[in-house]
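Values in this text are rule-based calculations from the coordinates and carry no lab data. All of these numbers come straight from a predicted model, not from anything done at the bench. Every residue, glycine among them, receives a Cβ derived from its backbone with ideal geometry; neighbour counts consider all protein chains shown.
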Amino acid sequence: MNNITESPSPFRNLEQMSLHDILEGINREDARVHEAVGRALPQIESLVEHICERALLGGRLFYLGAGTSGRLGVLDASEIPPTFGLSGIVVGLIAGGDRALRHAVEAAEDDAEAAWRDLEAFDPNETDTVIGIAASGTTPYVVGGVVQAGAKGLLTGGIACNPGSPLAQAAQFPIELLTGPEFVTGSTRLKAGTAQKMTLNMISTSLMIKMGRVKDNRMVNMQISNRKLFNRGARMIADELLLPSDRAAELLLQYGSVRAAVEAVRAGR
């Protein structure tokens, strides 16, 4: 395996660079991320197509990761309920558990059996999908979880930033985001992390759209949890039904979501 995420940075003597040159260098490297994700679009599409088939049968999507990759998976999963109004369908698991979201948990990522133990708490079944996320593509927690999930009949995907990694070999649908060496050697929270975040955005957003959680280009199932979101929801209702803003706000208060309010009015309730 060519471990390009650990390759030396093309920039030298960073501590001697001006602040301007540091920022410009990071920005220049980040420009490569879009290209790397673009090259992987066929792999992403193939995986999401199969996830959608299972999700429509009631299947869930699980992310497995450690460190930065694990945090990105948990972040993406945690945004699904408020954005699309669905709980429990996308679940992020990180090596070391919730404590690892803020603190390093020693050696947690080195346990190849731990991910499946974590998954078992959710009673996984063959309609579920597991996506392992690991910049190196070698993390035992992630690779082990994907291997065991596949053996149990779950759909498996893998997101790695090195070619030909153990994760890619273990996953039925591997995604390789070849972002190259990092600005700071080995710091995969930079380009690799950005590429992973972009890819997770694409996976979960396209899944939610295909599951009917978006109408036109709007988050009609979002949770109305603060004033900003309430005002946004009221505007959606007003625009959709051609109503005054105060009437739209009343409907949103009455029905609790944009979709429910619009459907109720159109049904004559």
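This table checks each residue for (1) surrounded by fewer than 21 Cβ atoms within 10 Å (Cβ to Cβ); (2) of a type in the set (Gly, Ala, Ser); (3) farther than 30 Å from residue 229 by Cβ; (4) in contact (Cβ under 8 Å) with a residue 40 or more places away in the chain.
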site	(1), (2), (3), (4)
20	yes, no, yes, no
53	yes, no, yes, no
82	yes, no, no, yes
101	yes, no, no, no
106	yes, no, yes, no
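For the stretch 121-141, filtered to residues that are among the polar types (S, T, N, Q) and more than 13 Å from residue 175 (Cα to Cα), the residue that is farthest from the chain's Cα centre (by Cα) is 125.
Scan the stretch 167-199 for residues that are more than 17 Å from residue 22 (Cα to Cα) and either touching a Phe, Trp or Tyr at 6+ places or on another chain (Cβ under 8 Å) or free of Cβ contacts under 8 Å to residues at least 12 places away in the same chain (or both) and the total you get is 1. Every listed requirement among (1) surrounded by 24 or more Cβ atoms within 10 Å (Cβ to Cβ); (2) in contact with a Ser or Thr (Cβ under 7 Å, 6 or more places away or on another chain); (3) not small (Gly, Ala, Ser) is met by residue 141 save one, (2). Checked against the criteria, residue 21 counts as farther than 25 Å from residue 138 by Cα and of a type in the set (Asp, Glu). Applying the criterion of at least 1 residues that are farther than 23 Å from residue 181 by Cα to the helices (runs of 4 or more DSSP H) found wholly in the stretch 1-97 leaves 41-55, 67-78, 80-84.
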